[in-house]
Amino acid sequence: MPLAGWLSLLLAALVLAACGSTAPPDRPRAVRATPPAPAPGEACMRDLTARGVIFKALPQPVSVGGCTLRDGVSVEGMSAAFIRPVTISCPTARMVDRWMDEVVQPAARRHLGTRVSTLHPAGGFVCRNTRGGKLSEHARGRAIDIWGFEMANGTKAIIRDHWRGAGARSRFLQEVGQKSCELFHVVLGPGADADHHDHLHMDLGEWKLCQL
Ligand SMILES: [Zn+2]
């Protein structure tokens, strides 16, 4: 073997020794993987948990009668217990929790000197159209209807009974209605039409409207 051949053999042996490995060069190497970014639904549900919302994650997606709910949750309580669980999308639940903390509880303290202990929701995810024939925001899980509130001292403030009037319960409900419009996209109350004579409708759809 010529000298150049011996030198290249020697060089190869030195390289192998330096690497400390005789593994074939094409062996796949494990590298530290970056975990995938959480899906928006997972991140939202983590937020709900961190905020102390009591809920169950629903199978994804929920399909009922041609309507599909993505990132659906069944909410049982937040700063107030829900008199019955409500099915809504996770982002809607997150906004309802903010609404309870930033709007409802402060208004209850201000006007009634107490806090809301139980929320009376009237409906969340429902597969239906609006009167105008468009798909309701309820059919996407982006809307919730509220019938009334029960305070820690047993007082009840019910939209149908106390929306109008001069009492503290009316002032509480009116403030809740007005400030709901700052958080939700559409808020409809008894002044909107006969369909809303007994509840507040709040949604996170594509329109902006505040009719109380
Ligand atoms: Zn509604």
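What follows is calculated from the coordinates using simple rules that are stated; it is not laboratory data. These numbers were taken from a predicted model, which means no experiment stands behind them. Don't worry about glycine lacking a Cβ; one is built from the backbone with ideal geometry, like all the others, and counts go over all protein chains shown.
Show me the trypsin sites (Lys or Arg not before Pro) within region 29-89 that DSSP assigns to loop and that have at most 11 other Cβ atoms within 10 Å of their Cβ.
In loop regions of region 29-89 (DSSP not H, G, I, E or B), the sparsely surrounded trypsin sites (Lys or Arg not before Pro) are ARG29, ARG32.
Rounded, prolate or oblate for region 81-120? Axes are the square roots of the Cα gyration tensor eigenvalues, ordered a ≥ b ≥ c, and the cut-off for rounded is a/c under 1.5.
Oblate is the answer for region 81-120, as a/c is 1.5 or above yet b/c matches or exceeds a/b.
Give the dimensionless ratio obtained when the Cα radius of gyration of region 39-211 is divided by 2.2 N^0.38 Å.
Taking the Cα Rg and dividing by 2.2 N^0.38 Å, one obtains 0.99.
Work out the charge dipole of region 39-211 with +1 on the Cβ of Lys and Arg and -1 on the Cβ of Asp and Glu about the Cα centre, then indicate which of LEU173, GLY124, THR114 is farthest towards its positive end.
THR114
Do any trypsin sites (Lys or Arg not before Pro) in region 102-199 lie in a loop, going by DSSP, with at most 14 other beta-carbon atoms within 10 Å of their beta carbon, and if so which?
Filter output for region 102-199: ARG128, ARG131, LYS134, ARG164.
Nearest 0.05, what FRET efficiency do ASP193 and ALA152 give at R0 = 35 Å with Cβ-Cβ as r?
The calculated FRET efficiency here is 0.60.
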